[in-house]
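The values are calculated or read from the model by the stated rules, or taken from the named source; none is laboratory data. Worth saying up front: this structure is predicted, and the values here are computed from it rather than measured. All Cβ positions, glycine included, derive from the backbone under ideal geometry; neighbour counts span all protein chains shown.
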Amino acid sequence: MMRLIPTALAASMLLASSGCAQLEFLTTRCPVESITVTWPATITRGSSVTNVLLTGTVSPDNIDQAQFNTLKAGLIDGNTQSAANIIWTVPAFNVNGGYIAFLHRAPLSAGDTHQVNLAFDGGGWGVFSDTRALPPTVAVRAESFNATAATGSIVVLSTSPLRLRIDVTTQNAAGETIRLTGDAGFSYNKAIENCS
């Protein structure tokens, strides 16, 4: 009787492990793509200076595949054949709904400096439908701060993938300012995961 228990246990373990192998074999694997912006930023709000690591990520789960492909062409590949106005965003300020977003043309050329003299109210990731080349624009929201004006520049450090040196000061209707500086870089990731 004592010998049957280990044998039965071994047989059930063998069946369980082969069942797992079959289950894994039957599971469909799917490619998962994403674009991430990483920005070690210095934020100066009034007289308070904070150094933070800001990151934002987008995937075809967040936007449609065609827009994702256009973002990848402009932010990662430096594809000069796919000109578009794009928007990208990073959560910021440790508050629910706080963020920084930029709207600019892509692709950009390495070494160019683009003046940022406009602020807008919006955010997210995507492709702006306007066929005209729109000027670089920034959106900043932090608690009660909502940027209504901006001055500064974006310097293009590299294009494949895109790296930007940002130095922009935004102002709200009450005259308060938030200055944003640092180098933001984009990266692309493709992994294989179980399909959901």
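Table: residues versus (1) crowded, with 19+ Cβ neighbours inside 10 Å; (2) modelled with pLDDT under 95.
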| site | (1), (2) |
| --- | --- |
| Val90 | yes, no |
| Arg105 | no, yes |
| Leu108 | yes, yes |
| Val116 | yes, no |
| Glu143 | no, yes |
| Asn146 | no, no |
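Could you please find all residues in the stretch 183-196 being surrounded by fewer than 18 Cβ atoms within 10 Å (Cβ to Cβ) and part of a strand (DSSP E or B)? Break it down into steps so the answer makes sense when it comes.
Of all residues in the stretch 183-196, those surrounded by fewer than 18 Cβ atoms within 10 Å (Cβ to Cβ) come to 183, 185, 187-196.
Hits for the stretch 183-196 are Asp183, Gly185, Ser187, Tyr188, Asn189, Lys190, Ala191, Ile192, Glu193, Asn194.
Kindly indicate whether any position in the stretch 152-160 is farther than 21 Å from Asp183 by Cα, surrounded by fewer than 21 Cβ atoms within 10 Å (Cβ to Cβ) and over 17 Å from the mean Cα position of the chain (by Cα).
The initial filter retains those residues of the stretch 152-160 that are farther than 21 Å from Asp183 by Cα, namely none.
Within the stretch 152-160, not a single residue is farther than 21 Å from Asp183 by Cα, surrounded by fewer than 21 Cβ atoms within 10 Å (Cβ to Cβ) and over 17 Å from the mean Cα position of the chain (by Cα).
Can you pull out every residue in the stretch 75-96 that is within 20 Å of Gly122 (Cα to Cα) and out of contact with any Asp or Glu (no Cβ under 9 Å at 6 or more places or on another chain)?
In the first step, residues of the stretch 75-96 are kept if they are within 20 Å of Gly122 (Cα to Cα); the result is 75, 84-96.
Leu75, Ala84, Ile86, Ile87, Trp88, Thr89, Val90, Pro91, Ala92, Asn94, Asn96, listed by residue number.
Within the stretch 70-85, can one find any residue that is under 12 Å from the mean Cα position of the chain (by Cα), of a type in the set (A, V, I, L, M, F, W, C), over 16 Å from Val168 (Cβ atoms) and crowded, with 21+ Cβ neighbours inside 10 Å? Please lay out each step first, then the result.
The first filter runs over the stretch 70-85 and keeps only residues under 12 Å from the mean Cα position of the chain (by Cα), leaving 71-72, 75-76.
Now restrict to residues that are of a type in the set (A, V, I, L, M, F, W, C): 71, 75-76.
Right, trim to over 16 Å from Val168 (Cβ atoms) and you get 71, 75-76.
Of the ones still in play, those that are also crowded, with 21+ Cβ neighbours inside 10 Å are 71, 75.
There is at least one residue in the stretch 70-85 that is under 12 Å from the mean Cα position of the chain (by Cα), of a type in the set (A, V, I, L, M, F, W, C), over 16 Å from Val168 (Cβ atoms) and crowded, with 21+ Cβ neighbours inside 10 Å.
For the list (1) at pLDDT below 95; (2) assigned to a strand (DSSP E or B); (3) of a type in the set (D, E, K, R), I need the number of the one condition that Arg163 fails.
The failed condition is (1).
Consider Asn94 carefully, then state whether it is without any contact (Cβ under 8 Å) to a residue 12 or more places away in the chain and either surrounded by 15 or more Cβ atoms within 10 Å (Cβ to Cβ) or at positive phi (or both).
On the way: without any contact (Cβ under 8 Å) to a residue 12 or more places away in the chain: yes; either surrounded by 15 or more Cβ atoms within 10 Å (Cβ to Cβ) or at positive phi (or both): yes.
The answer is yes for Asn94.
When the stretch 159-193 is examined, which residues are found to be touching a residue at least 60 places away in the same chain (Cβ under 8 Å) and either small (Gly, Ala, Ser) or in contact with a helix residue (DSSP H, G or I) (Cβ under 7 Å, 6 or more places away or on another chain) (or both)?
Ser160, Pro161, Leu162, Gly182, Ala184, Gly185, Phe186, Ser187, Tyr188, Ala191 - these are the residues of the stretch 159-193 that are touching a residue at least 60 places away in the same chain (Cβ under 8 Å) and either small (Gly, Ala, Ser) or in contact with a helix residue (DSSP H, G or I) (Cβ under 7 Å, 6 or more places away or on another chain) (or both).
Are there any pairs with C-beta distances below 9 angstrom linking a residue in the stretch 34-57 that is at positive phi and surrounded by 12 or more Cβ atoms within 10 Å (Cβ to Cβ) to a residue that is at pLDDT 95 or above and of a type in the set (A, V, I, L, M, F, W, C), with the two at least 6 apart or on different chains, and if so which?
none
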